[in-house]
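S.K.: There's a structure below that I have some questions on.
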Amino acid sequence: MTAACGLLPVLDQEEDTPSYEMSDYEGARARWCPGCGDHSVLTAVQRLLAAEQLKPEQTVFVSGIGCSSRFPHYLSTYGFHGIHGRALPVATGIRLHRPDLRVFVVMGDGDCTSIGAGHWVHAMRYNLDMVVMLLDNAIYGLTKNQTSPTTPQGFRSNTQPHGSWLPALNPLSVALGVTNASFVAQTAEWVPSHLYATLRAAYAHRGLGFVRILQRCPMYSSAVYQAAVQDPARIGLLVHDDGVVVPDLEKVYTTQVAHDPHDLDAARRLAGVTDRIHLGVLFRDPSRPRYEEIRRVAPRTAEERLVELNLELDRYAV
Ligand code: SF4
């Protein structure tokens, strides 16, 4: 577990409360490759933390294994760099036992949609209050170029040198198919204003805010999103007052798709479109039940928790 450290927030003289700048959330120097889309996501996250004035000591980032999972090291919040595919169980435990913390989860496509897929589906159903980011570069990058579930069919990698055999898994369709999913959005790291607005919307949502972030890996899968990066006509912006509104983008991305994010059937149809990439909030329903609300227990002291823990352990004594 990494820890909040080195923070010297500026004190607001009138309010006598700390005021955080983006730089206050900087951790270790990011070691991703030059041009890696993860850098853009890190900047957007630091911007979000500063905009929301989140206290570093009350914010925790949880990750699994992969390039993007180095995220917690690069922030001055608390963090848990876990094991492959298990970020969501760790985050669930933190959320249930420390409801005072704001929880963010960072996973790659191999992490989330392969080894962690079971946890992903059930975390979406439990709908705990957290922001879950899937940084999808459609490849295993950390282990140097293996096919992941989201690798496009025919894309060559070290493990499938003749091209990926199967159609890619669609994370949006999976997420929108989970019972009790409450927020599903898609954005792209090369559209930073949209990325930031989408993360803010996910943070504002009460429940699990799932955001698929299309992320370039210039080292191994640069071709996957290249056409969409170069040709804005390949992108459709989902527009609605309850979605993400970024007026500055309307001149660049002229394909605007009116979409009510409360319409689940329409969201599922949009998720299945293959000839265009849709960016925006596909689905949002804040009325869906949250496990933490259903199972909320009264706050307990550390001593009370210790007594409970020992009673629980005694049950398994042999
Ligand atoms: Fe980023 Fe790809 Fe390099 Fe990993 S291998 S740090 S995903 S560019």
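Rule-based calculations on the coordinates, nothing more; no lab input. Predicted, not measured: the structure shown is a model, and the values here were computed from it. Methodologically, a virtual Cβ is constructed for each residue, glycine included, from the backbone with ideal geometry; neighbour enumeration extends over all protein chains shown.
S.K.: What is the magnitude of the charge dipole of segment 33-137 about its Cα centre, with +1 placed on the Cβ of each Lys and Arg, -1 on the Cβ of each Asp and Glu, and no other charges, expressed in debye to the nearest 20?
M.R.: Roughly 200 debye for segment 33-137.
S.K.: Could you tell me the calculated FRET efficiency between H73 and L309, based on Cβ-Cβ distance and R0 = 41 angstrom, to the nearest 0.05?
M.R.: Once rounded, the FRET efficiency stands at 0.85.
S.K.: Let me ask something else about it. Percent antiparallel among DSSP beta bridges with both residues in the chain, to the nearest 5?
M.R.: 20 percent
S.K.: Let's test the formula: R0 of 41 Å, r as the Cβ-Cβ distance of A204 and R300. What FRET efficiency results, to the nearest 0.05?
M.R.: Using R0 = 41 Å, I get an efficiency of 0.90.
S.K.: Ranked highest first by average number of other Cβ atoms within 10 Å, how do 146-159, 39-52, 127-140, 247-260 line up?
M.R.: Listed from highest to lowest mean packing, they are 127-140, 39-52, 146-159, 247-260.
S.K.: Another question, if that's okay. Could you tell me what fraction of 2.2 N^0.38 Å the Cα radius of gyration of the chain comes to, as a two-decimal ratio?
M.R.: Expressed relative to 2.2 N^0.38 Å, the Cα Rg reads 1.01.
S.K.: Could you tell me the center-to-center distance, by alpha carbons, between segment 183-227 and segment 105-173 in angstrom?
M.R.: So the two Cα centres are separated by 14 Å.
S.K.: While we're looking at this one, here's another question. Can you tell me which of 226-233, 182-189, 61-68 comes out highest on packing, and rank the rest after it, using the mean Cβ neighbours within 10 Å?
M.R.: Put in order of decreasing packing, that is 61-68, 182-189, 226-233.
S.K.: Please compute the modelled spin-label separation between D248 and V273, points set 7 Å along Cα→Cβ, answer in nm with one decimal.
M.R.: Using points 7 Å along Cα→Cβ, the separation is 2.4 nm.
S.K.: Here's something else I'd like to know. Taking 0.36 nm per residue of sequence separation and subtracting the Cα-Cα distance, how much length would be gained by fully extending the chain between T143 and A223, in nm to one decimal?
M.R.: 26.9 nm
S.K.: Which value, in debye to the nearest 20, gives the size of the charge dipole of the chain about its Cα centre, when Lys and Arg are +1 and Asp and Glu are -1 at the Cβ?
M.R.: Charge dipole, the chain, about its Cα centre: 1120 debye, nearest 20.
S.K.: Please sort by residue number the trypsin sites (Lys or Arg not before Pro) in segment 274-308 whose DSSP state is loop and whose Cβ has at most 16 other Cβ atoms within 10 Å.
M.R.: R276, R295, R296, R300
S.K.: Compute the relative contact order of the chain as a whole-number percentage, counting only Cα pairs closer than 8 Å that sit 6 or more residues apart in sequence.
M.R.: 15 percent
S.K.: Determine how many Å³ per residue the convex hull of the Cα atoms of segment 169-228 encloses.
M.R.: Convex hull of Cα atoms, per residue: 86 Å³.
S.K.: While we're looking at this one, here's another question. Any idea which of T255, V273, A302 is furthest toward the positive side of the dipole for segment 252-305, if Lys and Arg beta-carbons carry +1 and Asp and Glu beta-carbons -1?
M.R.: A302
S.K.: In debye, nearest 20, what is the charge dipole magnitude of segment 16-68 about its Cα centre with +1 on Lys and Arg Cβ and -1 on Asp and Glu Cβ, if you could check?
M.R.: Dipole about the Cα centre, nearest 20: 260 debye.
S.K.: Tilt of helix 38-51 relative to the longest C-alpha principal axis of the chain, in degrees (0 to 90, nearest 10)?
M.R.: Roughly 50 degrees between the two axes.
S.K.: Between H162 and I115, how high is the FRET efficiency from 1/(1 + (r/R0)^6) when r is the Cβ-Cβ distance and R₀ = 22 Å? Nearest 0.05.
M.R.: 0.35
S.K.: Another question about this same structure. With point charges of +1 on the Cβ of Lys and Arg and -1 on the Cβ of Asp and Glu, referenced to the Cα centre of segment 137-231, which listed residue (H162, Y203, T150) lies farthest in the positive direction of the dipole?
M.R.: The listed residue farthest towards the positive side: Y203.
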